[in-house]
2 protein chains.
Amino acid sequence: MTIPASQNWDCETAARLVTERSDILPILGEVFREHGVEGASLSTITEATGLGKGSLYHFFPGGKDEMVEAVLAEIGDWFEQHVFQPLETTDDPERAVNDMLDAVLDYFHSGRRGCLIGALSLAKTRDSFSEPIQLYFKRWLKTLARALERLGHSRKRAKELSEMIVLGIQGALVLARASDDRAIFTRAIGRLRTDVAPVG
Amino acid sequence: MTIPASQNWDCETAARLVTERSDILPILGEVFREHGVEGASLSTITEATGLGKGSLYHFFPGGKDEMVEAVLAEIGDWFEQHVFQPLETTDDPERAVNDMLDAVLDYFHSGRRGCLIGALSLAKTRDSFSEPIQLYFKRWLKTLARALERLGHSRKRAKELSEMIVLGIQGALVLARASDDRAIFTRAIGRLRTDVAPVG
DNA sequence: GTCTATAGATCGATAGAC
DNA sequence: GTCTATCGATCTATAGAC
């Protein structure tokens, strides 16, 4: 059985007989988060996914590097859909920012889950990963600053606030995980929520 | 003990014939910062330090794990001496906090240098390292909150501010390195400096 | 103390049966 | 598409000469 035990699927319909690449990306992400990219061996991945090396190389001919790229791309897609796009399109800018913080709170499991992209930033072992990482943060800062401008902040202040927020989220993740105290993360998100209060 | 490898010493006096354990700790630290703990192989370390495996195991019989522990201990000592103790003993609390930010700015090379402890926090591969990491941040938060109290902040506000500051430093490091933009780090430190302005 | 040589395990990656 | 078997490379760690 190649379906992870934790994942639900409709038992009434036919069970999935074929594994899809997209099914194992979340598992890969968790493995990389937990062990680090270099610390996650193919044996670890094999065990976590329930797939043999043959299958893994069928989906990712480029090996572990391609797995990392795929995971990063998936994370980027998730944030594009659940964070960046809403920031751009939501009419009420205050709601847009609050929704973003909710999405972040949810994504990082209230601080229990680490940030793979942040971890890769600190130990930049590969230049091949630095481009998507750079784009990820750049897009986040940009869309957030735009929303803050619509909230009434000056362009300069909006840029500064966006930096404070993204940086605050990353730092809260580091400190919360290091201290093994999720409350640090939730408290930080709460503070950010009030910091961006609309001007006037 | 804290001499970086790049530092010159008086060539007139006798060159060091014996290597001391403390001499290679800074090099080990940089290697772990750059490649990550799992990504730094003994070959990498051998090349960086110029020492053979025999010498490395002479100094660190416990292998790489002991090297990491020693590096963490050295970092802890450095912060104890240059950050925590000054925070506790400097008479003027405002100067104490400002000196701390200066020390941090210097230690992380204005954002060019990553935080090994922060990196280890995000990918907590070993429980053996989590204790010194936890203590490091706990002590930082404690001594900083004390200084902020002496600055006139309430106990609660001081605790909150200390969290914001430590978390802000870590987040600024992540974002600055991910964006390859040191200005993000220096700007963040500047903001923290004004955030802790004495009350009244 | 420092080196080289090497053991033993594990790594990433491939080949081929089914 | 998935598995097992296996390769060569690399890893950590040790042994022993100097």
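Calculate how large, on average over all directions, the projected area of the Cα convex hull of the stretch A:40-176 is; give the answer in nm² to one decimal.
9.2
In the protein assembly as shown, a dipole from Cβ-located charges (positive for Lys and Arg, negative for Asp and Glu) runs towards its positive end, and of A:GLY29, B:GLY54, B:VAL83 it is B:VAL83 whose Cα lies farthest in that direction.
Within a straight-line Cα-Cα reach of under 20 Å, B:LYS156 can be paired with the following aspartates and glutamates, leaving aside sequence neighbours fewer than 8 residues apart in one chain: A:ASP181, A:ASP195, B:GLU88, B:GLU94, B:ASP195. Each label point was placed 7 Å from the Cα along the Cα-to-Cβ direction; for B:SER110 and B:ARG139 their separation is 2.9 nm.
Over all Cα atoms in the stretch B:85-158, the spread is summed up by Rg and Dmax: 14.3, 40 Å. Within the shell defined by Cβ-Cβ distances under 10 Å, the residues around B:HIS153 carry a net charge of +3, with Lys and Arg each +1 and Asp and Glu each -1. Computed from backbone phi, the HN-Hα couplings of the stretch B:98-107 come to 5, 4, 4, 5, 4, 4, 5, 4, 6, 4 Hz, rounded to whole numbers (Karplus: 6.51 cos²θ - 1.76 cosθ + 1.60, θ = phi - 60°; Gly and Pro given as x). Divide the volume of the convex hull around the Cα atoms of the protein assembly as shown by the residue count and you get 166 Å³ per residue. Axis angle, to the nearest 10 degrees, between helix A:130-150 and the longest C-alpha principal axis of chain A: 30 degrees.
Just list whichever of B:LYS64/B:LYS124; A:LYS53/A:LYS138; A:LYS159/B:LYS138; A:LYS124/B:LYS64; A:LYS64/B:LYS124 have alpha carbons separated by over 24 Å in the model shown.
A:LYS53/A:LYS138; A:LYS159/B:LYS138
Applying the Karplus relation 6.51 cos²θ - 1.76 cosθ + 1.60 with θ = phi - 60° to the stretch A:21-38 yields 3J(HN,Hα) values of 3, 5, 6, 9, 4, x, 5, 4, x, 5, 4, 5, 5, 7, 9, x, 5, 6 Hz, where x marks Gly and Pro.
Where a number appears in this text, it was derived from the coordinates with a stated rule and is not lab data. Because the structure is a prediction, the values reported are computed rather than measured. Because the Cβ atoms are built from the backbone with ideal geometry, glycine has one as well, and the counts that use them run over all protein chains shown.
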